[in-house]
C-alpha cells in the first residue's frame, strides 16, 4: 500500500481586455464589475494505492462520460470529492466517485455549485457515478456509466467503438454513444425524459480520414449534462457535440461531415488539419412540461423551420525538437448560423491557442 499527495497550481494573467471582449469565462470579475488583472488557483488530493486500485480525496479533474472537467479556457475547472480508479481485472477499468463542490474556469473559489450546461436547473448538492470501460483488444472498446445528480436526474451512458483494419494502411471505424436521462427523487429540475444518441463511421486511408456522424435527441427536454458553477464543462461523448455548440436541443436531428489530415506522411510531423460541417434541425419542445428549460426557449409549432449549422477549421502544429520541443500552436475558426427563433445566435470565432509544457522535475 502506498500514500501520496497530488496537487496542481495555475496562474492566469490578463494581457488585454475591453468593451466587447468580456464575458467569455476567461477571467473572474472584480467587485467593481471589471475583469481581474490576474488570478490563481491550486488544489491538493490525498491518494492511496493498494494493488492496482487508487483512491483519491480532494481537488481533482475528473474525466468520465458523465462528469468531465474543462480546459477550454485559460485555467482548467476542477471538482472536490472522492474517486476510485481500479485496474484489478485484465482489459477492464472501473471507476466511481462522489463530488460535492466545483471550481469553475474563471473562479478561484473551491465551493462552487454543481450545475448543468443549460444553466437553468436548480443546483444539485452532489454528483455520484460508477462505471467502467472494457477493451477486448486494440479494435473493440465498450463503456457503461451511471450517475446520480442529487434529486434532479439519473443519467446513464453507454458507448462502443470498433476498428476494422484493412490492407495498405487503411481502416474502417465505427462508434455508438448514448445518454439516457430521467428525473428522480424530488425532481427539483422538473420532468426529464431524454435519450440522446449518435453514430459515427470513418474511413482512414494513409494520412487522411473522412468521418460521417448522425445524432438525435429523443425527448421533449434537451440533452443536458453536468457543468461547473454555470460555466463550461468538458465535452460529453456524443459525436456532434462540438467545442462551439452541442446540437442538443429537444428532438434535434443533426449530421456531420468531417475531414482530418496528418502531415507526418508528407514530411511535416506535428502538423495536423481538421475541418467539419454540422447541421441540425427539427428542434421542438412544444410538448414539454419542464418550465425550467422552456423559459430559455419555446420552439415554434413547425420544427422543420428550426435549423442551424456550424463550420469549424482547425490547424495545429507541435514542435518536434529543440528548446521549444512540445510547444503547440493551434489556430481555430468557427462559424455558426441559425434561423430566427433558435436558442443560438449567429456566431463567428477565431482562437489562437498556444501551450508550452514545462518539466519541473
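Derivation of every value follows stated rules applied to the coordinates shown; laboratory data play no part. Predicted, not measured: the structure shown is a model, and the values here were computed from it. Cβ atoms come from the backbone with ideal geometry, glycine included; neighbour counts cover every protein chain shown.
Couple of notes before you dig in:
- Modelled label reach - residue 195, point 7 Å along Cα→Cβ, segment 130-168 residues with backbone N closer than 18 Å: 143-147, 154-160
- For the chain, built as a Gaussian network whose Cα springs stay under 10 Å, the top-fluctuating residue of 265, 58, 131: 265
- Modelled FRET efficiency - R0 25 Å, residue 326 with residue 268, Cβ distances, 0.05 increments: 0.95
- Here the calculated FRET efficiency for residue 339 and residue 3, from their Cβ-Cβ distance with R0 = 51 Å, stands at 0.35, rounded to the nearest 0.05.
- Annotation: extensible slack from residue 289 through residue 154 equals 46.8 nm (criterion: 0.36 nm per residue apart, minus Cα-Cα distance).
- Footprinting exposure proxy for 355, 148 (fewest neighbouring C-beta atoms within 10 Å first): 355, 148
- Paramagnetic label reach from residue 359 (point 7 Å along Cα→Cβ; backbone nitrogen cut-off under 19 Å): within segment 311-351, residues 318-328.
- Inter-label distance, nm, simple model (7 Å from Cα along the C-beta direction), residue 302/residue 318: 4.9
- Separation of alpha-carbon centers, segment 250-281 and segment 124-202, rounded to whole Å: 22
- Cα gyration tensor, the chain - rounded (a/c under 1.5), prolate or oblate: rounded
- Between residue 275 and residue 169, residue separation times 0.36 nm minus the direct Cα-Cα distance comes to 36.0 nm.
- Pairwise FRET efficiency - residue 350 versus residue 15, Cβ, R0 = 25 Å, nearest 0.05: 0.95
- Structure remark: mean-square fluctuation, Gaussian network model of the chain, C-alpha springs under 10 Å; the largest value among 88, 252, 119 belongs to 88.
- Most fluctuating residue given options 52, 85, 177, as computed from a GNM of the chain linking Cα atoms under 10 Å: 52
- Value at 222 nm in deg cm²/dmol, rounded to 500, when DSSP H runs of n ≥ 4 in the chain each add -39,500 (n - 2.57): 0 deg cm²/dmol
- Gyration tensor verdict on segment 40-96 (Cα atoms; rounded if a/c is under 1.5, prolate if a/b is larger than b/c, oblate otherwise): oblate
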